[in-house]
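This report refers to the structure that appears directly beneath it.
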Amino acid sequence: MKQFAIFSILSVVLHFSAVAQGTVMVGGEAMYPTKDIVDNAANSADHTTLVEAVKAAGLVSTLKGKGPFTVFAPINDAFENLPEGTVAALLKPENKGTLTSVLTYHVVAGRWDAKSIKKAIQKGGGKAVLATVNGGSLTAMMNGPMNIVLSDTNGMVANITTYDVRQSNGIIHVIDRVLMP
């Protein structure tokens, strides 16, 4: 029981230490602004499917690169909510091109924090079109006074659930749906 109490106290201390360093907790782990997108995402229990897909698509070196990139990172549940067999099919080597297209559809060049996205939405009269790295576009809109949502070209909508996870080479926003080009 004493070990559990010590572990609990240590966990709380580490959590507050991470918060003091400007980190955000994602998937039960601190995301350090001194680490790159891949290194942080690999530590998130909520992004194991995304990390597996990034590896299968051969995008690790790109997302570890200088950037800056803004990544709208779907959680594991978002992948699980795709039609049955979709993830398994995308992870097959013969579908690498399609997988790469889906993943790069979630990436925008530059550092787009929530403030920048909101400003673009206001400037655009309620919508902002963000050009994705794969050549497509996502439409950002407000859903209430605080929540930004993204719409893909098929009209599917994802909520940003965690904003402004700063990385050494960009920003991650956690989303609740996989968007399709």
Which count do you get for residues in segment 141-175 that are out of contact with any helix residue (DSSP H, G or I) (no Cβ under 7 Å at 6 or more places or on another chain) and of a type in the set (Phe, Trp, Tyr)? 0
Looking at Val71, Val24, Val60, can you tell me which residue is touching a helix residue (DSSP H, G or I) at 6+ places or on another chain (Cβ under 9 Å), surrounded by 18 or more Cβ atoms within 10 Å (Cβ to Cβ) and within 13 Å of Thr104 (Cα to Cα)? Val71
Would you mind telling me which numbered condition in (1) among the charged types (D, E, K, R); (2) part of a loop (DSSP other than H, G, I, E, B); (3) touching an Asp or Glu at 6+ places or on another chain (Cβ under 7 Å) Asp164 fails? (2)
Test Pro74 against the criterion of being modelled with pLDDT of 95 or more and in contact with a Lys or Arg (Cβ under 7 Å, 6 or more places away or on another chain), and give yes or no. yes
Residues in segment 167-180: is at least one closer than 20 Å to His47 by Cβ, among the small types (Gly, Ala, Ser), assigned to a strand (DSSP E or B) and touching a Pro at 6+ places or on another chain (Cβ under 8 Å)? yes
Do you know which residues across segment 54-111 are assigned to a loop (DSSP other than H, G, I, E, B) and among the polar types (S, T, N, Q)? Asn81
In the set Gly85, Gly110, Gly124, Gly135, which member is out of contact with any Leu (no Cβ under 7 Å at 6 or more places or on another chain), surrounded by fewer than 17 Cβ atoms within 10 Å (Cβ to Cβ) and in contact (Cβ under 8 Å) with a residue 40 or more places away in the chain? Gly110
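The values are calculated or read from the model by the stated rules, or taken from the named source; none is laboratory data. The structure displayed is predicted, hence computed values, not measured ones. In this analysis, Cβ positions are derived from the backbone assuming ideal geometry, glycine residues included, and neighbour counts consider all displayed protein chains.
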